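In what follows, a structure is listed as structure tokens, so that the remarks can point back to it.
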Amino acid sequence: QVRQFFCESWRKYRERQILEGAEATAADLITEHPEYHALLEDPDGVHKDFSPEDGQVNPFLHLSLHLAIEEQLSINQPPGLREAFERCQARHGDRHAALHDVLEALGETIWRAQRDKAPLDALAYVEAVRRKAAG
């Protein structure tokens, strides 16, 4: 369903249809990732497998994390995330590069939570973003 959501959001954007809710954010994210456009336009793209063992990044997972981060930033949850992100953005001078810092920190935090069979450590997540902002 998530894969279909991104494909449908991209189709609607390309056809200049009205985007509702998260579709607009998804379309904005997709425009920042031209390397995913062909996949999202391919009707069979939603069925493609992406193997980390082969060094492949799952574009749907990547975009989903971006979408989650946009929501987190909009409500500043966890607390301090927006400020840490803004520091990353100032360091890079580029919003998308800063988002990738946050995405990397979120991915590491999720990995640790899964490895340790523990809840996501929101404080560690924000601190990881702060470290990236510091360079």
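The values are calculated or read from the model by the stated rules, or taken from the named source; none is laboratory data. Just so it is clear, the structure is predicted and the values come from calculations on it, not from any experiment. Glycine gets a Cβ as well: all are built from the backbone with ideal geometry, and neighbour counts include every protein chain shown. Side chains are part of the model used for accessible areas, which takes the heavy atoms of the whole protein and leaves out ligands, DNA and RNA. Shrake-Rupley method; radii C 1.70, N 1.55, O 1.52, S 1.80 Å.
Annotations for the structure displayed:
- Leading residue by the ranking (farthest from Lys12 (Cα to Cα)) among those in region 55-82 that are small (Gly, Ala, Ser) and not in a helix (DSSP H, G or I): Gly80
- Leading residue by the ranking (nearest to Ile69 (Cα to Cα)) among those in region 101-113 that are buried (at least 17 other Cβ atoms within 10 Å of the Cβ) and not aliphatic (A, V, I, L, M): Asp101
- Positions within region 83-97 being assigned to a helix (DSSP H, G or I) and more than 11 Å from the chain's Cα centre (by Cα), in sequence order: Glu83, Ala84, Phe85, Glu86, Arg87, Cys88, Gln89, Ala90, Arg91, His92, Arg95, Ala97
- For region 20-54, a tally of residues being open to solvent by less than 50 Å² (accessible area, probe 1.4 Å) and either among the basic types (Lys, Arg) or part of a loop (DSSP other than H, G, I, E, B) (or both) returns 3.
- Contacts under 9 angstrom Cβ, first residue in region 27-53 being free of Cβ contacts under 8 Å to residues at least 12 places away in the same chain, partner part of a helix (DSSP H, G or I) and open to solvent by 80 Å² or more (accessible area, probe 1.4 Å), 6 or more apart: Asp28/Tyr13; Phe50/Leu61
- Scope region 1-15; condition farther than 12 Å from Phe60 by Cβ and either modelled with pLDDT under 95 or open to solvent by 60 Å² or more (accessible area, probe 1.4 Å) (or both); matching residues: Glu8, Arg11, Tyr13, Arg14, Glu15
- Reported count of residues in region 24-71, each being among the acidic types (Asp, Glu) and within 14 Å of Arg3 (Cβ to Cβ), is 4.
- The set of residues in region 55-93 being open to solvent by 60 Å² or more (accessible area, probe 1.4 Å) and small (Gly, Ala, Ser) consists of Gly55, Ser74, Ala90, Gly93.
- Of the residues making up region 114-124, not a single one is out of contact with any Lys or Arg (no Cβ under 9 Å at 6 or more places or on another chain), assigned to a helix (DSSP H, G or I) and crowded, with 18+ Cβ neighbours inside 10 Å.
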